[in-house]
Amino acid sequence: MRAKITVNKDFAIGEIDKRLYGSFIEQLGRAVYGGIYEPSHESADECGFRKDVIDLVSKLNVPIVRYPGGNFVSGYDWEDGTGDKALRPKRLELAWGVTETNEVGIDEFQEWAKRVDTEVMMAVNLGTRGADDAKNLVEYCNLDTDTKYANKRRANGLEKPFGIKTWCLGNEMDGPWQIGHKTASEYARIAHEAGKMMKWVDPSIELVACGSSSFYMPTFGEWEWTVLDEAYDVVDYISLHTYYGNAAKNTPEFLANSVAMDEFIKGVANICDAVKAKKHSSKTVNLSFDEWNVWYHSNGAPFEKWSVAPHQIEDIYNFEDALLVGCMLSTLQNNCDRVKIACLAQLVNVIAPIMTENSGRAWAQTIFYPFMYASNYGRGTTLRSIVTCDTYKALGRDIPYLESSVIYNGESGEITVFATNRSLDEDMLLSLDLQGFENAKVIEHIELYCDDLLAINDSNCERVSPKSVDIASGMDINLRKHSWNMIRFKTEKNK
Ligand code: AHR
């Protein structure tokens with residue numbers, strides 16, 4: 001099979017905001033306890049953080065991590081996780097049916113974030129709490145004033161404000177499973193008022209309003225419209241969440257989901273712009289795709305009610321999951337004009353690229369690799385690609401066998417092409433026409449390929465890992481059947 005991508009240096013989609021490569025840690029399962037934090041682990045540092053996990057997270061070069069939820073945040077009293085650890089209460093955690101010890105809270109998470117060189121994206125509780133607690137949390141985190149909550153932070157030994165810039169106004173408030181679930185107009189009012197006060201406390205922050213918890217919610221569309229119609233002036237982004245699965249064991253259909261993701265993004269951007277037009281506003285609300293991943297392997301796995309840090313939603317990812325994650329990353333990159341923030345959900349143990357054993361090893365799941373390369377090499381400007389290739393029928397659409405994105409980094413003068421061949425039977429000869437770039441030369445071709453679509457990595461064996469491929473001399477690149485690829489070109493800068 002043959003395919004072609006044409007790009008032109010002058011035709012850009014937009015600049016990639018580095019927060020496109022964000023992730024997410026929820027106080028859930030073993031994401032925190034036994035994941036990033038395990039004081040008794042042989043690699044633990046003086047604060048109890050696992051250095052083996054820090055090393056893996058650092059390889060992903062994640063610029064922002066959403067915290068502390070997720071569904072968890074809608075029942076959370078943030079004060080429980082601050083101050084003297086010996087005095088922190090244990091709580092019934094209703095979102096996931098476990099006990100939260102509060103050994104780790106905002107103070108510790110901020111400390112961990114420094115170690116992995118990331119920003120925190122903080123979510124506030126608009127389920128059981130409201131504007132008052134949200135604005136107090138902004139004061140606690142961000143202010144240098146001689147006032148109650150800034151002084152509380154100092155009393156807890158944290159002199160310098162954390163300077164958290166990006167804030168989520170609750171989580172998935174449209175879902176009946178959410179603690180304190182709301183109708184669109186109930187949520188719109190509380191988001192507007194909380195957001196207004198939070199910005200009064202710190203006008204430099206940016207706010208993400210909850211969009212629908214999936215494209216398939218019955219209130220999708222109407223929810224976004226109602227929330228934005230009420231809170232347009234105060235919010236900067238609206239959220240999108242999606243998880244895909246292959247329970248039907250239909251790989252061509254499963255791999256087509258990044259096309260559905262693209263339509264979801266464009267649909268929400270259109271709603272934002274319709275509200276903008278209705279309001280005669282000059283402001284553009286952008287998108288925060290703050291939960292996305294594959295999630296279905298662990299559905300229905302049992303755990304003990306009210307236990308502490310049980311194994312919960314620990315999907316073990318296979319090779320085809322990595323292919324879809326690679327495709328979804330291309331979709332995000334190709335929508336970088338509107339998607340400014342995206343969070344791979346999640347980061348450690350809970351539907352995550354990094355897994356750990358309690359008191360044992362940490363390792364990279366299959367999905368770790370496309371994310372790592374996208375985050376490290378997918379920085380710069382996404383170029384508009386004209387793609388020609390064969391298609392197949394799935395999800396009621398014509399799905400191209402090739403999913404791709406092309407990023408130009410003006411600083412390094414490099415072009416990086418991310419390309420997934422969705423065909424399960426045929427290799428693809430991809431021709432690249434890089435217009436406006438002088439003497440572009442391939443410098444690296446990394447391939448993620450495995451004969452077995454269901455192969456997994458575990459603590460003892462890495463069956464799915466990237467390999468360097470011999471570099472092609474011209475502009476035709478071979479993409480093996482069902483493979484994810486990253487091809488890097490050096491160009492002559494400033495020509
Ligand atoms: O990421 C796991 C859960 O998925 C989150 O807590 C919730 O927001 C979503 O439904």
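Among the residues of the stretch 273-285, are any closer than 29 Å to Ala394 by Cβ and part of a loop (DSSP other than H, G, I, E, B)?
Looking through the stretch 273-285, none of the residues is closer than 29 Å to Ala394 by Cβ and part of a loop (DSSP other than H, G, I, E, B).
Would you say Val442 is farther than 29 Å from Asp315 by Cβ and either outside any loop (DSSP other than H, G, I, E, B) or in contact with a helix residue (DSSP H, G or I) (Cβ under 6 Å, 6 or more places away or on another chain) (or both)?
Judged against the criteria, Val442 is a match.
Across the stretch 92-107, which residue is surrounded by the most Cβ atoms within 10 Å (Cβ to Cβ) among those that are closer than 29 Å to His181 by Cβ and among the charged types (D, E, K, R)?
Looking at residues that are closer than 29 Å to His181 by Cβ and among the charged types (D, E, K, R), I get Glu100.
Which residue is nearest to the ligand (Cβ to nearest atom), if the candidates are limited to the stretch 287-316 and must be over 29 Å from Lys90 (Cα atoms) and crowded, with 21+ Cβ neighbours inside 10 Å?
Here the answer is Asn293.
Considering Asp77, Asp132, Asp117, which residue is surrounded by fewer than 20 Cβ atoms within 10 Å (Cβ to Cβ), away from the ligand (no atom under 16 Å from the Cβ) and within 21 Å of the chain's Cα centre (by Cα)?
Of Asp77, Asp132, Asp117, the one residue that is surrounded by fewer than 20 Cβ atoms within 10 Å (Cβ to Cβ), away from the ligand (no atom under 16 Å from the Cβ) and within 21 Å of the chain's Cα centre (by Cα) is Asp117.
If I filter the stretch 368-402 down to residues being among the polar types (S, T, N, Q) and out of contact with any Lys or Arg (no Cβ under 6 Å at 6 or more places or on another chain), which single residue comes out as surrounded by the most Cβ atoms within 10 Å (Cβ to Cβ)?
Thr382
With farther than 15 Å from Ile265 by Cα and buried (at least 20 other Cβ atoms within 10 Å of the Cβ) as the only criterion, which of Thr183, Thr166 stands out?
On inspection, the qualifying residue turns out to be Thr166.
Could you go through the stretch 306-314 and let me know if any residue there is in the same structural domain as Phe368 (by TED's automatic domain parsing), in contact (Cβ under 8 Å) with a residue 40 or more places away in the chain, in contact with a Phe, Trp or Tyr (Cβ under 7 Å, 6 or more places away or on another chain) and among the charged types (D, E, K, R).
So far as the stretch 306-314 goes, no, none of its residues is in the same structural domain as Phe368 (by TED's automatic domain parsing), in contact (Cβ under 8 Å) with a residue 40 or more places away in the chain, in contact with a Phe, Trp or Tyr (Cβ under 7 Å, 6 or more places away or on another chain) and among the charged types (D, E, K, R).
Which one is surrounded by the most Cβ atoms within 10 Å (Cβ to Cβ) among residues in the stretch 33-70 that are under 16 Å from the mean Cα position of the chain (by Cα) and within 25 Å of Gly175 (Cβ to Cβ)?
Filtering the stretch 33-70 for residues that are under 16 Å from the mean Cα position of the chain (by Cα) and within 25 Å of Gly175 (Cβ to Cβ), the one surrounded by the most Cβ atoms within 10 Å (Cβ to Cβ) comes out as Arg66.
Out of the residues in the stretch 463-492 meeting the condition of being at pLDDT 95 or above and surrounded by fewer than 16 Cβ atoms within 10 Å (Cβ to Cβ), tell me which one is farthest from Gly378 (Cα to Cα).
Across the stretch 463-492, the extreme among qualifying residues is Arg463.
So, Ser204, is that one touching a Leu at 6+ places or on another chain (Cβ under 9 Å), part of a loop (DSSP other than H, G, I, E, B) and not β-branched (Val, Ile, Thr) or not?
Spelling it out, it is not the case that Ser204 is touching a Leu at 6+ places or on another chain (Cβ under 9 Å), part of a loop (DSSP other than H, G, I, E, B) and not β-branched (Val, Ile, Thr).
Across the stretch 317-353, what is the number of residues that are more than 16 Å from the ligand (Cβ to nearest atom) and assigned to a loop (DSSP other than H, G, I, E, B)?
The qualifying residues number 4.
Condition first: away from the ligand (no atom under 13 Å from the Cβ) and not hydrophobic (A, V, I, L, M, F, W, C). Now tell me which residues in the stretch 80-96 satisfy that.
Result: Asp80, Gly81, Thr82, Gly83, Asp84, Lys85, Arg88, Pro89, Lys90, Arg91.
Within the stretch 178-193, take every residue that is outside any helix (DSSP H, G or I) and of a type in the set (S, T, N, Q) and give me the one that is farthest from Glu224 (Cα to Cα).
Checking each candidate, the answer is Gln178.
How many residues does the stretch 261-286 hold that are aliphatic (A, V, I, L, M) and surrounded by fewer than 18 Cβ atoms within 10 Å (Cβ to Cβ)?
Qualifying residue count for the region: 2.
Pairs needed: first member in the stretch 44-59, closer than 16 Å to Glu357 by Cβ; second member anywhere, assigned to a helix (DSSP H, G or I); C-beta distance under 9 Å; at least 6 residues apart or different chains.
Ala44/Lys51; Lys51/Arg115; Leu56/Phe368
Looking at Arg66, is it closer than 18 Å to Ile351 by Cα, of a type in the set (D, E, K, R) and either in the same structural domain as Gly360 (by TED's automatic domain parsing) or within 16 Å of the ligand (Cβ to nearest atom) (or both)?
In short, yes.
Which condition breaks for Ile399 when tested against (1) β-branched (Val, Ile, Thr); (2) within 15 Å of the ligand (Cβ to nearest atom); (3) touching a helix residue (DSSP H, G or I) at 6+ places or on another chain (Cβ under 7 Å)?
Result: Ile399 fails condition (2) only.
Filter the stretch 168-177 for residues that are touching a residue at least 12 places away in the same chain (Cβ under 8 Å) and part of a loop (DSSP other than H, G, I, E, B) and give the result.
Scanning the stretch 168-177 gives Gly170, Asn171, Glu172, Met173, Asp174, Gly175, Trp177.
Go through (1) closer than 22 Å to Trp306 by Cα; (2) within 16 Å of the ligand (Cβ to nearest atom) for Cys168 and report which single condition fails.
Every condition holds for Cys168 apart from (1).
Across the stretch 261-298, what is the total count of residues that are in contact (Cβ under 8 Å) with a residue 40 or more places away in the chain, of a type in the set (S, T, N, Q) and over 20 Å from Tyr21 (Cα atoms)?
Looking only at that region, the number is 2.
The values are calculated or read from the model by the stated rules, or taken from the named source; none is laboratory data. Remember, predicted model here, so these are calculated numbers, not experimental data. Positions of Cβ are generated from backbone atoms using ideal geometry, with glycine treated the same way; all protein chains shown enter the neighbour counts.
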